Amino acid sequence: MAQFTRVSGSVGLISLKNPPVNALSAVVRQGIVDTVQRALSDPKVKSVVICGQNGIFCGGADIKEFGTAMSGPPLVPMIHAIEAAEKPVVAAIEGLALGGGLELALGCHYRIAHSKARLGLPEVSLGLLPAAGGTQRLPRLIGVPAALDLITTGRHVTAAEALKLGIVDQVTDHNTVDAAVKFALSVREHSLNARRISNNLCPPPSDLDALFEGAMQKVRQTARGAVAPVACVQAVRAAATMPYTQGMEREKELMATLFTSGQARALQYCFFAQRAVGRWSMPSGARWDTSKPRPIHKAAVIGLGTMGRGITVALAQTGLSVVAVETQEKQLMEAKQAVSGMLKRGAKRRGVAPVLDLVSYNCNLQAVADADLVIEAVFEDMDLKKKVFQQLSAVCKPGTLLCTNTSALDIDHLASQTPNPELVVGMHFFAPAHVMKLLEVVYGSRSSPQVVATAMQLGKKMGKVSVAVGNCRGFVGNRMLKPYMEHAFFLLEDGATPELVDQALEEFGFAMGVFRMSDLSGLDVGWRVRKEDGLAHPGMALGQAARVRQGRRYSPLADLLCEQDRFGQKTGMGWYQYDKPGGRVSRPDPWLHSFLEEYRARHGLVARRIDHQEVLERCLYTMINEGFRILEDGIAAGPEDIDMIYVFGYGWPRHRGGPMFYAGMVGLERVLERLEHYHQAHPDVPYLQPCNLLRRLVASGSPPIHRWREVIKKVRSQL
Ligand SMILES: CCCCCC/C=C/CC(=O)SCCNC(=O)CCNC(=O)[C@H](O)C(C)(C)COP(=O)(O)OP(=O)(O)OC[C@H]1O[C@@H](n2cnc3c(N)ncnc32)[C@H](O)[C@@H]1OP(=O)(O)O
């Protein structure tokens, strides 16, 4: 709602009240309409201030209303009425003015912001555009290039930048409402015509066509198929080329195409899913709201390879004191240099002082004795990790949390090396660990809820999206990656090329196709795992049974490349060729094409034409099927956990919501039918066999994703 009071004799103060962010719900919009009318019709009121309660101006439209039948007064006429008012209206911006909140402020005649406020039009990240006049008023106020930047990226700006851009008229370090009231008193007699942004023309850019062509090219390159950024550019173009009323029509038209689109639904689902994963639960019933995290003052990292260095940086940047340990002096010094460089570059980017003093470097494990939490990040080898855990148990003070940065190894097995398995938890970071947003927090069968809560909280402090998952081979992300990659190999056997498969996946929106990703992360990583699993060893790929292992279809293609030292980018060749070892630009490799032809001929395989749809169905539906198995097994608490892991850790396009959301969009019945079809064609591929939970969901009428948990619960209770 909105409250009205008269202050300083003649200022009508309208205060938005809808915690936590004063979102513009139907009730709030009605409140604004009513209180503005009251202020304008009250002869004692000479000017008006609009503010938000609890230190936040407004977080924008109420996103929860989007999926419902919208009621209440619409935003556009409400903001127009404010702009048309004959009394000066001042926005007092504290905390946040985002989306519809900033559009409301742009309808006011003046804007005063607190120095700590952030402003922005983030609608694009929800699959929308600022359709309450934002695309028409902002370019008129700050010019086309700056408006394009803000609207197409959705980035928030500080009050200082907003002042520089001309979005706000004044910035204060003091009480913003007081400053706005004082300001409102001073302008009560001023003429308002020039202050009504819609009256003004856009400052004309020098070469309009080139500017918009460039902007369109840029969003098409970065949007990976997302439609909202493109619509944002089109709407701003209308502001630059049309009178205001026509521009508003164009804004409305473009918004109508976005508002009910699948992409908008997916992006809004991601917004809530990202927040939902913080409300974690474990099969034991332990939950985020009943498990208190432990205070962590000092952390330690063991092993300063690529991962350990990134983790050290991420920890230090939260303000924690970190002991970084590497047993060899030379490697320790190299790591120190690398970590210091990363800290300096990060600090420069964020405009703060680097926290070099927070990290101490040591060759001796004894140095971690007083750490509250230790993250082991040594080479991915169970025997080595076991040894480190045994040593840590002897060195660390009682109660120290022992965390392992493994991407697949058994947390319970590691925990059994220590006298306190309840203090052990997995923290699976993604490279580069100080950049990537995802953290899988892996609880073992004996991990205590308090330890999980601590790891989750630490992840949040590091700015990560932390997802709590159970312990199984590959956890969630890598477990689902296995069938996905395996199918990509089968597609090569059946007639596809790495380029074709990658193109299909990249057009779908993945940051990188499966083969390009494999070249980047190194083919040797999977090879080592397959060797450990007894699936691959030299010579095995040549015999009669080359394509059957452990009773199921197997493709030795990746092993054959590894046997030729084709490990990907690092060796300059893998599924693609590169100009040099470490090169980044991939080119199709004629050698690989002949190799595939020879391989198929040797195994009597006849290449057939594979289209993009088959690539997507076989790679993605098997991955989704594994996701359903993960839910059935209780490894992930809900589909949101899986989706956020894929969006933040595996380059899944956010505008498609994550694999489980995507399955719902495609239709669970369709996914089931296609899996059945492919399983019939490839009965030797168990991953293609539709899992029980998927069948049960379809039998239950394919409920919307937010109701899957009811069916999951039933399926789990019957296991
Ligand atoms: C043709 C029809 C025309 C319709 C017109 C539609 C117009 C749309 C214009 C818009 O305004 S779209 C919305 C634009 N605003 C945003 O995108 C802001 C989204 N929110 C955020 O980015 C962040 O939440 C925040 C505001 C920066 C605050 O971040 P913080 O980390 O401090 O807290 P959170 O945990 O993220 O949020 C707390 C709590 O609040 C809920 N919430 C936040 N914003 C909204 C919102 N705009 N609507 C509804 N709910 C919101 C959030 O979900 C959290 O709730 P929870 O229950 O605690 O998880």
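Grab the other residues whose beta carbon is less than 15 angstrom from that of Pro588, score K and R as +1, D and E as -1, and report the net. Spelling it out: positives minus negatives among the neighbours equals -4. Summing Cβ point charges (Lys, Arg +1; Asp, Glu -1) relative to the Cα centre of the chain gives a dipole of roughly 1440 debye.
Seen from Val28, the other residues with C-beta closer than 9 Å to its C-beta sum to a net charge of +1, counting Lys and Arg as +1 and Asp and Glu as -1.
In the chain, the DSSP beta bridges split such that about 30 percent are antiparallel, to the nearest 5. Between the range 86-134 and the range 228-271, the alpha-carbon centres lie 17 Å apart. The length gained by stretching the chain between Lys330 and Asp207 to full extension, at 0.36 nm per residue less their Cα-Cα distance, is 38.7 nm. Computed over the Cα atoms of the range 2-259, pair by distinct pair, the Kirkwood hydrodynamic radius stands at 18.1 angstrom. Within straight-line reach of Lys116, meaning a Cα separation under 17 Å, sit the following lysines at least 8 residues removed in sequence or on another chain: Lys164. Checking the cross-link filter: which aspartates and glutamates have an alpha carbon closer than 12 Å to that of Lys87, excluding same-chain neighbours under 8 positions apart? Cross-link targets: Asp42, Glu189. For the chain, the percent of C-alpha pairs falling in each 20 Å distance bin, counted from 0 to the bin holding the largest distance, reads 16, 42, 34, 8, 0. Between the range 451-527 and the range 390-423, what's the alpha-carbon centroid distance in Å? Comparing the Cα centres of the range 451-527 and the range 390-423, I get a distance of 26 Å. Going from the residue with the fewest nearby Cβ atoms within 10 Å to the one with the most, Trp527, Trp591 rank Trp591, Trp527. Semi-axis lengths, largest first, of the ellipsoid equivalent to the range 117-189 are 25, 13, 12 Å, with √(5λ) applied to each eigenvalue of the Cα gyration tensor. Remark on the range 257-319: ratio of C-alpha radius of gyration to 2.2 N^0.38 Å is 1.73.
Can you tell me what share of the DSSP beta bridges in the range 298-469 is antiparallel? A percent to the nearest 5 is fine. Just about 15 percent of them are antiparallel.
For Glu86 and Leu356, a Förster radius of 60 Å and the Cβ-Cβ distance give a FRET efficiency of 0.55, rounded to the nearest 0.05. Of the beta bridges in the range 70-177, as assigned by DSSP with both residues counted there, near 25 percent are antiparallel. Under the shape rule built on the C-alpha gyration tensor, where the axes satisfy a ≥ b ≥ c, the range 285-374 is oblate, since a/c reaches at least 1.5 while a/b does not exceed b/c. The Cα atoms of the range 453-503 cover 49, 23, 7 Å along the three principal axes, with the biggest extent listed first. When the inverse distances between all different Cα atoms of the range 571-630 are averaged and flipped, the Kirkwood radius reads 14.3 angstrom. Which angle between 0 and 90 degrees, to the nearest 10, do you get for helix 329-350 versus the longest principal axis of the chain when only C-alpha atoms count? That works out to roughly 20 degrees.
Straight-line cross-link partners of Lys713 among the lysines, defined as a Cα under 18 Å from its Cα and at least 8 positions apart when in the same chain, are absent.
Packing around the peptides 341-347, 555-561, 409-415, taken as the average count of other Cβ atoms within 10 Å per residue, puts them in this order, highest first: 555-561, 409-415, 341-347. Note on the range 298-469: Kirkwood hydrodynamic radius from all Cα pairs is 15.7 Å, rounded to one decimal.
Pair-distance distribution of the range 496-602: all C-alpha pairs, bin width 10 Å, starting at 0; shares per bin in whole percent are 15, 43, 35, 7. What is the sum of charges, Lys and Arg at +1 and Asp and Glu at -1, for the other residues whose Cβ falls under 9 Å from the Cβ of Gly72? Summing Lys and Arg as +1 and Asp and Glu as -1 gives 0. Computed as a quarter of the hull surface, the mean projected area of the alpha carbon convex hull for the range 57-170 stands at 6.8 nm². With neighbour counts taken as other beta-carbon atoms within 10 Å, the residues Asp42, Asp643 rank, fewest first, as Asp42, Asp643.
Quick note: the coordinates plus some simple rules give every number you see, no bench work behind them. Because the structure is a prediction, the values reported are computed rather than measured. Cβ: placed from backbone, ideal geometry, glycine included. Neighbour counts: every protein chain shown.
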